[in-house]
Amino acid sequence: MDFVKELEAKAAAAGKTIVLCEGEDKRVVEAASIIVKKGIAKIILLGTDAEVKAACPDVDLTGVQLVDPATDKNADKYAELLFKAREGKVNKKTGAPEYADVAAAKAYILKDRTMYGALILKAGDADGFVSGACHSTANTLRPGLQVIKTAPGIKTVSSSFIMVAPEGGNKYVPEGVCVMGDCAINIEPTAEQLADIAIASADTAKKIAGVEPRVAMLSFSTKGSGNDDKFFKSVPKVQEAVKLAQAAAPELALDGEFQFDAAVAPEVGELKAPGSKVAGHANTFIFPNINAGNIGYKICQRMGGWMAIGPICQGFAKPLNDLSRGCNVDDIVATVAVTALQAN
Ligand SMILES: CC(C)(COP(=O)(O)OP(=O)(O)OC[C@H]1O[C@@H](n2cnc3c(N)ncnc32)[C@H](O)[C@@H]1OP(=O)(O)O)[C@@H](O)C(=O)NCCC(=O)NCCS
């Protein structure tokens with residue numbers, strides 16, 4: 001069975017409910033119909049009957065729960081939840097409270113379906129959230145960052161991609177699957193954030209990609225071979241992150257700093273980092289910043305022909321995922337399957 005079909009089968013067995021916020025988007029509506037027909041998850045789709053029909057006139061939405069926030073009997077409950085979650089927070093531009101009262105919170109959620117979906121998740125009326133087919137990453141993640149917040153013990157929400165080899169693997173990644181993070185959220189992570197990203201990506205590798213994580217903290221330097229003290233101090237940052245992550249998760253196979261070849265090629269790993277349990281055999285790659293990560297996974301995807309599943313958000317207290325605006329129906333179905341597994 002191929003990797004995505006396997007994900008879908010595992011998700012179906014989990015029997016979770018996922019909220020999709022963008023009933024105005026044709027791809028989302030089509031995906032909702034497919035997901036329910038295949039039994040991958042139960043779906044709450046935000047939108048009106050008219051919107052959904054306009055987006056996708058012939059679609060069969062039997063079994064999909066269509067929720068229009070304007071008429072939803074739970075809207076007051078969600079407004080209350082938002083007001084409580086953001087009490088004491090001020091608008092950065094005006095300095096005024098974000099929501100003066102519950103009525104203001106209600107007025108807001110009737111305009112912002114991404115926030116509405118995040119509140120459905122927070123209330124426990126869905127197990128996971130997927131949005132972003134027609135909204136930016138920042139606008140998709142902000143409601144989650146504001147009301148779902150991070151899981152206990154985790155300070156950083158981050159993301160990773162599961163990369164699937166075109167022909168079942170190669171000599172460097174024999175399992176045919178690897179994880180790359182953070183390619184989409186944290187722009188210039190600190191050492192502490194990098195350590196969080198590494199631990200969360202290892203969890204994604206184990207729980208979603210189904211591989212035992214061997215985590216490489218990437219750099220242009222291997223074990224002190226290079227340095228950039230005069231410029232950005234990125235090598236010491238990665239070295240510090242290695243120490244922090246090893247202290248926080250001593251049971252994890254995690255090492256660095258490594259150049260990519262030292263991380264993935266056994267002959268280079270042995271030469272440049274002798275004795276390391278990870279060098280030459282890594283399957284979970286942590287980039288020093290979003291520039292490296294975003295460029296790196298796209299090289300693998302476009303020039304290597306690997307399938308990129310993600311970005312998969314990590315570290316939220318409840319599963320919440322962002323779609324790329326260039327996504328297709330299959331991407332949405334796969335993201336829902338991943339989200340359902342995260343909820344498991
Ligand atoms: C993720 C991102 C949207 C957050 O930025 P933002 O909306 O300006 O967020 P703010 O700084 O206003 O923070 C909002 C809240 O989220 C929290 N937060 C922000 N980033 C966080 C993170 N990575 N982990 C945990 N919490 C975070 C803040 O502490 C703040 O909490 P509070 O309001 O309760 O005090 C931003 O980092 C971003 O745009 N990243 C790049 C995304 C992108 O363009 N990707 C494209 C490549 S695919």
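The values are calculated or read from the model by the stated rules, or taken from the named source; none is laboratory data. Just so you know, these numbers come straight off a predicted model, no measurement behind them. Because the Cβ atoms are built from the backbone with ideal geometry, glycine has one as well, and the counts that use them run over all protein chains shown.
If you check residue 81 against the conditions, is it under 20 Å from residue 129 (Cα atoms), in contact with a strand residue (DSSP E or B) (Cβ under 7 Å, 6 or more places away or on another chain) and crowded, with 16+ Cβ neighbours inside 10 Å? The answer is no for residue 81. Examine region 264-272 for a residue that is more than 30 Å from residue 8 (Cα to Cα) and of a type in the set (Lys, Arg), and state whether such a residue exists. Within region 264-272, one or more residues are more than 30 Å from residue 8 (Cα to Cα) and of a type in the set (Lys, Arg).
Residue by residue, here is whether (1) part of a strand (DSSP E or B); (2) within 22 Å of residue 276 (Cα to Cα); (3) small (Gly, Ala, Ser); (4) more than 16 Å from the ligand (Cβ to nearest atom) holds:
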| position | (1), (2), (3), (4) |
| --- | --- |
| 172 | no, yes, no, yes |
| 178 | yes, yes, no, yes |
| 196 | no, yes, no, no |
| 225 | no, yes, yes, yes |
| 236 | no, yes, no, yes |
| 246 | no, yes, no, yes |
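The single condition among (1) crowded, with 22+ Cβ neighbours inside 10 Å; (2) over 25 Å from residue 196 (Cβ atoms) that residue 58 does not meet is (1).
Quick check on this structure: which one of 147, 157 is crowded, with 23+ Cβ neighbours inside 10 Å, of a type in the set (A, V, I, L, M, F, W, C) and within 19 Å of residue 343 (Cα to Cα)? Step by step, each of 147, 157 is checked, and only 157 is crowded, with 23+ Cβ neighbours inside 10 Å, of a type in the set (A, V, I, L, M, F, W, C) and within 19 Å of residue 343 (Cα to Cα).
Counting only helices (runs of 4 or more DSSP H) that sit wholly inside region 89-153, those with at least 1 residues that are among the aliphatic types (A, V, I, L, M), within 15 Å of the ligand (Cβ to nearest atom) and touching a helix residue (DSSP H, G or I) at 6+ places or on another chain (Cβ under 8 Å) are 102-109, 113-122. Pairs meeting the criteria (first residue in region 37-48 and on the phi < 0 side of the Ramachandran plot, second residue of a type in the set (Asp, Glu) and assigned to a loop (DSSP other than H, G, I, E, B), beta carbons under 6 Å, at least 6 apart or on different chains) are 48/68.
Listed conditions (1) surrounded by 15 or more Cβ atoms within 10 Å (Cβ to Cβ); (2) charged (D, E, K, R); (3) without any contact (Cβ under 8 Å) to a residue 12 or more places away in the chain are all met by residue 167, apart from (1). Pairing each residue of region 271-289 that is under 14 Å from residue 202 (Cβ atoms) with any residue that is surrounded by fewer than 24 Cβ atoms within 10 Å (Cβ to Cβ) and at pLDDT below 95, provided the two are 6+ apart or on different chains, yields C-beta distances under 7 Å for 283/173; 283/175.
The residues of region 53-84 that are in a helix (DSSP H, G or I), of a type outside the set (Ser, Thr, Tyr) and under 17 Å from residue 116 (Cα atoms), listed by number, are 69, 70, 75, 76, 77, 79, 80, 81, 82, 83, 84. For the residues 44, 35, 40, the requirement of being in contact with a strand residue (DSSP E or B) (Cβ under 7 Å, 6 or more places away or on another chain) and either surrounded by fewer than 12 Cβ atoms within 10 Å (Cβ to Cβ) or under 25 Å from residue 162 (Cα atoms) (or both) singles out 35.
Going through (1) more than 10 Å from the ligand (Cβ to nearest atom); (2) not in a helix (DSSP H, G or I) one by one, residue 208 falls short only on (2). Looking at 81, 66, 61, 46 in this structure, which one is within 16 Å of the ligand (Cβ to nearest atom), closer than 21 Å to residue 16 by Cβ, out of contact with any His (no Cβ under 8 Å at 6 or more places or on another chain) and not small (Gly, Ala, Ser)? From the options 81, 66, 61, 46, the qualifying one is 81.
Conditions tested, residue by residue: (1) aliphatic (A, V, I, L, M); (2) on the phi > 0 side of the Ramachandran plot.
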{"position": "163", "(1), (2)": "yes, no"}
{"position": "166", "(1), (2)": "no, no"}
{"position": "169", "(1), (2)": "no, yes"}
{"position": "174", "(1), (2)": "no, no"}
{"position": "177", "(1), (2)": "yes, no"}
{"position": "190", "(1), (2)": "no, no"}
{"position": "205", "(1), (2)": "yes, no"}
{"position": "215", "(1), (2)": "yes, no"}
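Within region 98-144, being surrounded by fewer than 20 Cβ atoms within 10 Å (Cβ to Cβ), β-branched (Val, Ile, Thr) and either touching a His at 6+ places or on another chain (Cβ under 9 Å) or over 26 Å from residue 186 (Cα atoms) (or both) holds for one residue alone: 102.
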